[in-house]
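Notes to accompany the following structure.
Bear in mind that the values in this text are calculations on the coordinates, not laboratory data. On a predicted model such as this, the values are computed, not experimentally measured, just so you know. Note that we place each Cβ from the backbone using ideal geometry, even for glycine, and neighbour counts take in every protein chain shown.
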Amino acid sequence: MLSVVDEIKERLLEYSKKSFEKDGYDFWNNHIKYVFKNAHDLAVKRGADVEVCELAALFHDMAMVADFGPREEHEKYGAQMARSMLTELGYPNNKIDLVEKCVLNHRSSGGKTRDTAEEQIIADADVIAHFDSIPSLFSLAYNKINLPMEEGKEFVKNKLTRDYNKLSPEGQKDLKERFQTIMNVLFVD
Ligand SMILES: [Fe+2]
Ligand SMILES: [Fe+2]
């Protein structure tokens, strides 16, 4: 029998495959697999619930991948998906509550307060994932928005700087060296 995490991962991969066939964006390979790995590593490092963090990483953008509800509210619809699937799989209610909170509060907008380590881990894991897939940010700048060379560079630089500033103090400390290296290597004046 599959573990709950593997079962949910299979469902997400299925949604991701369909979404890729429809509009060519590979959610799993370009974003969620990094969030999943970062969530696992941060949970171990910070002594949080690893399984809850892994599940929350799988659910955090699932509503967008599955095209369920409006994109701007994907945290709410993702939280609904988490509750219904995990209830169906007989997952403990207190852990469902925590997964749901992580999904609901993963975005930086809206002045949310995160009062558990797991919620902060998902928010940090989501942001750090942008540093794991920098080529996709350049692709967005040059291929999708069609920016000229210098503006594209500026776009990616500003995006990564904003992301870094969104991290928790702990996340900033972890990423500091890598962030500075990336800035120095990619954006020489
Ligand atoms: Fe999201
Ligand atoms: Fe995300």
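The table that follows gives values for the structure above.
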quantity	calculated
Between helix 33-46 and the chain: long-axis angle, C-alpha atoms, 0 to 90°, nearest 10	80 degrees
Nearest-ten-degree value, helix 4-23 long axis tilted from longest Cα axis of the chain	50 degrees
Cα centroid separation, segment 12-52 to segment 140-189 (Å)	21 Å
Estimated 222 nm signal from helices in the chain, with DSSP H stretches of n ≥ 4 weighted -39500 (n - 2.57), rounded to 500	-22500 deg cm²/dmol
Shape call, segment 20-150: gyration tensor on alpha carbons, a/c limit 1.5	prolate
Segment K22-L89, extension gain: residue separation times 0.36 nm, minus the distance between their alpha carbons	21.3 nm
Within straight-line cross-link reach of K159, lysines at Cα separation under 17 Å, skipping those fewer than 8 residues along the same chain	K144, K176
14 Å reach of a label modelled at R71, 7 Å along Cα-to-Cβ, counting backbone N of segment 123-143	140-141
At R0 = 45 Å, FRET efficiency that the Cβ-Cβ distance of E10 and K153 yields, to 0.05	0.70
Which listed pairs, of K101/K153; K101/K157; K37/K76; K37/K101; K9/K101, have C-alpha distances above 29 Å, in listed order	K101/K153; K101/K157
Rounded tilt (10° steps) of 149-166 against the dominant C-alpha axis of the chain	40 degrees
Reciprocal mean inverse distance between Cα atoms of segment 73-186 - Kirkwood radius, Å	15.9 Å
